[in-house]
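Structure record follows, encoded as structure tokens.
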Amino acid sequence: MSSVAFVLLAILTLAAALAAATLQKLMHATLSFAVTLVGIAALFFLLGAEFVGLVLVFVYIGAVAVLIVFTILLTRRDVGKDRGANWNGALLAIAVFGGLTWAILKTQSVAIVGSHIRVIPVKRIGEALMTSYVWPLLCMGLLLTAALIGALVLVMEEKRNE
Amino acid sequence: MINDSIDGFLHRNVSKFADQVFVNVKHWLLSWLTAAPGWVVQIASSLINIFALLAIFLSLFALMSVLERKILGRIQNRYGPNRVGPFGLLQPMADGIKMLIKEDIVPARADKLVHFLAPILIAAAAILALGVIPYGRNMTPFTIDGGILFFFAVGSTTELAVFMAGWGSNNKFSMLGAMRAIAQMISYELPLIITVLPVVMVVGSLTPDRIVAAQTGYTFGLVPRWFVFTPWGATAFILFFVSGLVESNRTPFDVPEGESEIVAGHMTEYSGFKYATFFMAEYLGMFAITGLAATLFLGGWHSPVSALEFIPSYVWFFAKLGALLFVYVWLRGTLPRTRIDQIMNFAWKFMLPMSFTCVIAAAVWHYAGRGLRGWLWSLFVIVVVYTILSMLLDTQRKFAPRVYRFAE
């Protein structure tokens with residue numbers, strides 16, 4: 001059953017990714033991108049990594065997709081206009097794909113075929129974040145706070161000199 | 001004496017039977033499938049859960065839509081719907097038939113597919129969120145390890161759905177309404193989630209069942225151990241409730257569909273059954289958020305008095321849900337609509353600092369021993385921060401004539 005589910009999800013994800021890359025209207029591409037992310041989250045669920053899947057939905061659909069949508073709306077006047085093919089982008093995508101494939105195939109340290117799936121509870125992830133990875137976590141927090149303050153500074157109303 | 005004990009035995013068994021009757025019915029239905037392979041049973045079990053969930057909440061939606069109008073009528077000194085059926089109780093049927101036979105109008109320049117998908121997505125998100133709430137003892141439709149996280153992850157897709165409705169309609173009012181809705185939903189998502197954090201911290205789990213289980217029992221055999229009876233819990237509950245009000249776009253925070261300004265916001269170009277779907281999604285979202293509030297702070301399906309524990313657990317849950325929904329309607333009948341800048345200021349300057357204070361107060365409560373001492377210390381923290389915040393935000397002296405920057 002899980003292999004059937006995997007094939008279905010993979011088809012959905014790949015089709016949505018293809019749509020995101022080829023659809024003529026920018027907004028349609030964004031929405032297809034969101035569907036791709038749902039597919040990836042579902043794949044994580046299938047692997048028993050519920051937490052990662054949920055965070056993916058939460059962050060990427062709840063925040064990043066909305067951010068992209070806002071960016072498009074606020075920066076472009078021709079939202080509804082068709083876009084042409086971007087050959088540089090295609091080249092870059094092929095380069096990234098090739099690099100990733102090469103890296104994955106060369107990897108020796110991690111077994112590519114897992115023996116069995118072990119579900120890690122959320123509690124374990126939290127403990128790991130708060131003990132072994134507490135410094136990276138704090139650095140991330142500091143960085144995000146700095147970004148927040150920076151955003152505030154950017155939008156602060158300038159006092160007019162009378 | 002013997003009579004008494006038999007009576008007590010019967011009493012206990014009857015109440016236990018009533019408590020578990022729905023669970024037993026489900027087991028009985030599944031017992032027909034003992035010969036079938038495991039995955040068939042799993043799918044059948046999920047389908048039963050989904051069917052029960054939809055049946056209960058869609059009927060609750062019908063009931064709520066008429067009750068809300070009745071209560072609003074009572075508040076405004078008029079009758080409310082009273083023509084269809086006894087006391088107007090069949091009004092939802094009439095509304096449903098009217099919505100179904102109405103013409104479905106799609107604007108010529110609209111993005112047909114996006115326009116069509118938006119109401120479906122928004123309703124699906126609301127229904128999914130309902131799936132992880134424990135409605136009674138052993139009555140959680142879907143137990144997920146990170147149930148609370150699932151609730152918010154699903155809820156966050158609503159923003160994209162609202163945007164799809166606004167953009168797909170190709171209408172300026174729709175787009176403005178969607179922008180307002182997304183802006184206020186994103187702003188209030190922060191306090192909504194941060195006020196859940198203290199509960200998760202104190203319980204040590206993201207599973208709704210564990211959170212309900214942590215609120216079992218009574219202090220001094222009298223006051224239930226619900227989180228709302230701790231200072232941090234009470235503050236978090238109020239903040240959560242207000243944020244929930246914003247998330248479900250209800251008065252006084254219903255600027256996204258302010259009739260006097262932008263027709264009906266992102267729902268302007270929807271008619272007939274698609275509009276009804278939006279309406280339904282709004283109510284289902286409201287049920288989900290109040291249900292989560294009851295689960296997190298009001299002890300879920302636990303009874304408030306130990307003497308009343310014989311009443312089935314789901315009755316208690318729906319009683320709490322009903323009480324919270326009544327407050328929603330009451331607020332709608334009482335408060336005027338706020339301005340968008342007031343909503344935003346309130347979110348970032350008051351709600352956010354207060355919800356962080358709740359996290360700290362919960363930590364203080366935990367480290368001071370969870371007893372009376374912790375209670376007083378956490379109260380102290382909240383009172384100090386509240387006083388300082390209200391002094392800082394005091395705008396009494398700073399009232400200036402309103403400045404119109406874009407419309408002179």
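The values are calculated or read from the model by the stated rules, or taken from the named source; none is laboratory data. Computed from a predicted model, the values in this text were never measured in an experiment. Please note: Cβ atoms are built from the backbone with ideal geometry, for glycine as well, and neighbour counts cover all protein chains shown.
Numbers below:
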quantity: Members of the stretch B:248-257 found to be crowded, with 23+ Cβ neighbours inside 10 Å, assigned to a helix (DSSP H, G or I) and touching a Gly at 6+ places or on another chain (Cβ under 7 Å), listed by number; calculated: B:PRO256
quantity: Helices (runs of 4 or more DSSP H) enclosed by the stretch A:50-162 - at least 3 residues per element that are at pLDDT 80 or above and more than 14 Å from chain B (Cβ to nearest Cβ); calculated: A:87-106, A:134-155
quantity: Residue identified as within 29 Å of B:THR143 (Cα to Cα), in contact (Cβ under 8 Å) with a residue 24 or more places away in the chain and not hydroxyl-bearing (Ser, Thr, Tyr) among B:VAL263, B:VAL255, B:VAL223, B:VAL200; calculated: B:VAL200
quantity: Given (1) assigned to a helix (DSSP H, G or I); (2) within 12 Å of another protein chain (Cβ to nearest Cβ); (3) in contact (Cβ under 8 Å) with a residue 12 or more places away in the chain, number of the condition A:ALA20 does not satisfy; calculated: (2)
quantity: All positions within the stretch B:61-113 that are among the β-branched types (Val, Ile, Thr) and modelled with pLDDT of 85 or more; calculated: B:VAL66, B:ILE71, B:ILE75, B:ILE97, B:ILE101
quantity: B:GLY291 vs. criteria more than 30 Å from B:ILE75 (Cα to Cα) and part of a helix (DSSP H, G or I); calculated: no
quantity: Positions within the stretch B:173-190 being more than 23 Å from B:LEU352 (Cβ to Cβ), within 12 Å of chain A (Cβ to nearest Cβ) and surrounded by fewer than 24 Cβ atoms within 10 Å (Cβ to Cβ), in sequence order; calculated: B:MET175, B:LEU176
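Conditions tested, residue by residue: (1) surrounded by 19 or more Cβ atoms within 10 Å (Cβ to Cβ); (2) away from chain A (no Cβ under 14 Å); (3) without any contact (Cβ under 8 Å) to a residue 24 or more places away in the chain.
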residue: B:ASP95; (1), (2), (3): no, yes, no
residue: B:LYS102; (1), (2), (3): no, yes, no
residue: B:ARG109; (1), (2), (3): no, no, no
residue: B:ILE120; (1), (2), (3): no, no, no
residue: B:GLY146; (1), (2), (3): yes, no, no
residue: B:ALA153; (1), (2), (3): yes, no, yes
residue: B:LEU160; (1), (2), (3): yes, no, no
residue: B:ASN171; (1), (2), (3): yes, no, no
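Every residue, every condition in (1) outside any loop (DSSP other than H, G, I, E, B); (2) over 18 Å from the mean Cα position of the chain (by Cα); (3) hydroxyl-bearing (Ser, Thr, Tyr); (4) within 13 Å of chain A (Cβ to nearest Cβ), yes or no:
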site: B:LEU192; (1), (2), (3), (4): yes, no, no, yes
site: B:VAL202; (1), (2), (3), (4): yes, yes, no, no
site: B:LEU206; (1), (2), (3), (4): no, no, no, yes
site: B:GLN215; (1), (2), (3), (4): no, yes, no, no
site: B:ALA236; (1), (2), (3), (4): yes, no, no, no
site: B:LEU239; (1), (2), (3), (4): yes, no, no, no
site: B:VAL246; (1), (2), (3), (4): yes, no, no, no
